[in-house]
Structure formats: structure tokens, C-alpha cells
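Take a look at the structure below.
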Amino acid sequence: MSGKWMVLAIAAGAALALQADDDVSRRDQLRQVPARVFPGRVHLLPATLDTVQWGWFDNSEPPVLTIKPGDTVVMETMMHSHNQIVPGVEIEQIKSLRVDNPGRGPHSVTGPVYIEGAEPGDVLKVRINRIVPRAYGANFNLPGMLGQFPGEFPEGQVRYFYLDTQRMVTEFAAGIEIPLAPFPGILGVARAEPGQYSTVPPGPFGGNMDIRELKEGTTLYVPVFVPGALLWSGDSHAAQGNGEVNLTALETAFKELSLTVDVVKRRSLEWPRIETPTHWITMGADPDLNQALAILFDETAKFLSEQRGISTDAARGLIPLVSDCRIAEVVNHSKALYCMNAKDWRTVKLPPLAARETPRNFITVGADADLQKAMDTASMSMIEVLQQKKGLTRLDAYSLASLTMDCRLGNPAAEVQRVHCFVPKNLWIGKR
């Protein structure tokens, strides 16, 4: 190519790039709307095939929206697999969507959103202002695949539910109602490593944490690993038990997920933290549940040391006394745990966890030096209790446990781990 034609080609390429930048700028401008109810400039981010990725995070993905610190994003999300899991779709079709797409997660994630000024070494602060779910949701276990007990449940099942957002309940079956508590199963930023990564495992970048306390009125603090942070959300839930044992929660999509996003400059944070009105939540995740507990213990000790102005060694000794530690999920390759740490720490005193059935709860307990085995025992025992005492089928007991069971650690510092799982009896309201 002659010098003349090379110059012309470069100029043409530059013109196209400027045109693309202008198109993006106009698109982002058209998404800004007046809405004084939320802080900062307000941006609308609809869920379309152009704004939603299926199953991958990639830090080279071009942002679908650019905002400034302090702005608010009002986004929509999709059901799994680019909205292909909706009422009427059978379990074999759902299984095919996973088997035919190896390495890809099932989740539809809206984003990424680029936040100006966010740099590695900063922390992204994401406040959840409002969540409005769709009118329906789904829960399923894949036949002989994934979940906590794939070998014990070789048969699969999908169930669909109407979400009564006026009463904030869903009817699981005649005489059984589950309270709705919507939250984003996935909320996180791009990881540091280049390339495509499945949306399934959570990590220091947040992502598929499945921490059900991350709901309306709470704030996520997550480390930034790449310029602009690149924020995604998906795997939208209407309700979930601690454990999420059959693989899924009450999966839905959000008509509205309102997030106010800010940047905390030069803040040292290795793992995400969540602020609720009453607690600070620390977390840990790893493919080995015992290693996830070790990470959680370190993160909680660091937090208590900061909160109380004491050494980390002293803080480690406090954890069994003041930190309410729970199992978020055991089904996402990297299993996640979290601890609730009271803001009003001078008055907190944790009561011992009940070990037997009470008038309010069905309770099962598993004990083992291996935390995973303790969790397996406690949760399978609960599935059996729901069959024996409430007459549920095996698959419905598995499903109800995944949606409502609350599994907690008796003493996270003990050599023998005790997992206490609870299912509230007030789910049974009587047949109408």
C-alpha cells in the first residue's frame, strides 16, 4: 500500500472510530432521565440482547453504559440463558441449555457498566435502592447434575411460581407460602485476569455470591480490578435458602434494579463486604468449603480488628462469640459463606443455636471435622424431615429446602464443625 493510500485508510479508520464514539455518547445521553427520587444522574439500562451477556464475564467486554461516580443505574435483568427459561419450558430443555454450552454459566447478566474514575486499588460502592421482580419465577434441579446431591437425585424437576408482589409471597403448594425477599444473586465487577470466565463461581470480584442479605436498602463494597470496574448484575432471585441446595433459588428477572454507584478511592479491600442497616457482612468462597471457612475467618478477623481497634489475634477469638456465620450456597463450584457482624457490637451476644425441633422451626444438625460433610448431613436430614413430617415428595422437599432452609455454623472456630439447618413451620398456613 502506498503512503497516500495508507494515510487515507488510517483517516477512514479514525473517522469510523469517532463515529462509533459519537453513537455511544448519543445512546448514553438518551438513557439519562429526570428522576429526583434517586441520587446523581439517573440512567435507564434495559435488558436486551445487546446489553445482556449469557454465561460469561470478560474484562475486555465493551461497556453498555458509562456513568460517573454518584450516578444511579435503573436496570432490567433477564431470566437464565438469555430469557429462555420461562414458564412452559421443560426440564430436559433446561438441561440441554447447560450441556450444549459447556463452560458457560446459565446466568444472564446485564452490563458491563463502566464507572469513570474507578481504578485498581479502589473500592466500588453499590447501594441497592429498589428491586421490582417479574410476576413469575422458577426453581429446578438438573437430572443427576450439579446441586448438592446430584447422585441422590438422578431425576430432574422444574417448577414455576406466581410471585404475588402485593402480599410479597409465593404459593409453593396448597397450604404452603414462601415469603418473597428479592435480591441479585450476581452483583460484581470484572476480575483482573483477561479472557472469558463462567458466571458460576463467585470470588473477590463478587459475582455469583448468592448472599440473600444483599437486598433492597443494603450496600455492596467490592474491590476494583480493572479501569472502570465494569459492573454486572443478574441471576435475579425472589427468594433463596441459605445453602441453595438443589442448585437454584426462586429464579426470576427484575423489572427494576436501581443501583447508586460510587467510588471509594485507595481503599484496601481483598474481599467484598456488605453493609445492612444493622450489620456488616464478611464473606469467603472457595471450591473447598473448609478453605472457604478459612478465608471467611481471616476476613471477619480483619473486620472485627478494624471495628474494635484490637489485634487480629484478639479478633479471631471473638468470632465465635459475636459473628453469626451462615452458608450462602454450596452449588456454585466455589462455595460461599458469610458472617453477620453487628454494628452495635457493644451489646451483641449470640445465643446458642437450637439443636432440636422447636414450635417455630424444624431443625437438623450435622457434625464433622469436614465442614462439607457436616453440611451434607444436616441438609439431607432436613430433606428427609420434610418428606416424613409434611408428606412432600423427594423432589419437592429438595426444592423447598433450597428455597427456605437456613444453614448456620455452630462454632466456626471448633475442630468439629456443627451445621444447624432451620426451616420455619409458619410456611404451612393451612389449605384454603
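Summary table below
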| item | result |
| --- | --- |
| Förster radius 35 Å - calculated FRET efficiency between residue 415 and residue 193 (Cβ-Cβ, nearest 0.05) | 0.50 |
| Residue 348 versus residue 48: modelled label distance in nm, points set 7 Å from Cα along the beta carbon direction | 4.5 nm |
| Whole-angstrom Cα spans of the stretch 253-339 along principal axes, big to small | 45, 32, 25 |
| Most fluctuating residue given options 57, 205, 362, as computed from a GNM of the chain linking Cα atoms under 10 Å | 362 |
| Residue 180 long-range amide H proximity, modeled H, under 5 Å | 169, 170 |
| Pairwise FRET efficiency - residue 308 versus residue 135, Cβ, R0 = 51 Å, nearest 0.05 | 0.65 |
| Gap separating the Cα centres of the stretch 248-305 and the stretch 195-225, nearest whole Å | 7 Å |
| Distance between the stretch 36-68 and the stretch 317-347 - C-alpha centres, whole angstrom | 31 Å |
| Linear extension gain, residue 68 paired with residue 276, 0.36 nm per residue minus alpha-carbon span | 72.5 nm |
| For peptides 212-223, 143-154, sequence by mean Cβ density within 10 Å, most packed first | 212-223, 143-154 |
| Helical contribution to [θ] at 222 nm, DSSP H n ≥ 4, -39,500 (n - 2.57), averaged over the chain, rounded to 500 | -8000 deg cm²/dmol |
| Other-chain or far-sequence residues with amide H under 5 Å of residue 329's (modelled H) | 243, 336 |
| Where labels lie 7 Å past Cα in the beta-carbon direction, separation of residue 168 and residue 370 in nm | 4.1 nm |
| Potential extension, residue 388-residue 83 segment - 0.36 nm per residue separation minus Cα distance | 106.2 nm |
| Violating pairs (Cα-Cα greater than 18 angstrom) within the set 389/425; 349/425; 215/335; 95/215; 335/373 | 349/425; 215/335; 95/215 |
| Cα→Cβ-extended label distance, 7 Å offset, between residue 25 and residue 215, nm | 4.4 nm |
| Charged-residue dipole, Cβ positions (Lys, Arg, Asp, Glu), the chain about Cα centre, Debye nearest 20 | 1160 debye |
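Computed from the coordinates by the stated procedures, all read-outs in this text should not be read as laboratory data. Nothing here was measured: the structure is a model prediction, and the numbers come from that model. Glycine also receives a Cβ, built like all others from the backbone with ideal geometry; neighbour counts cover every protein chain displayed.
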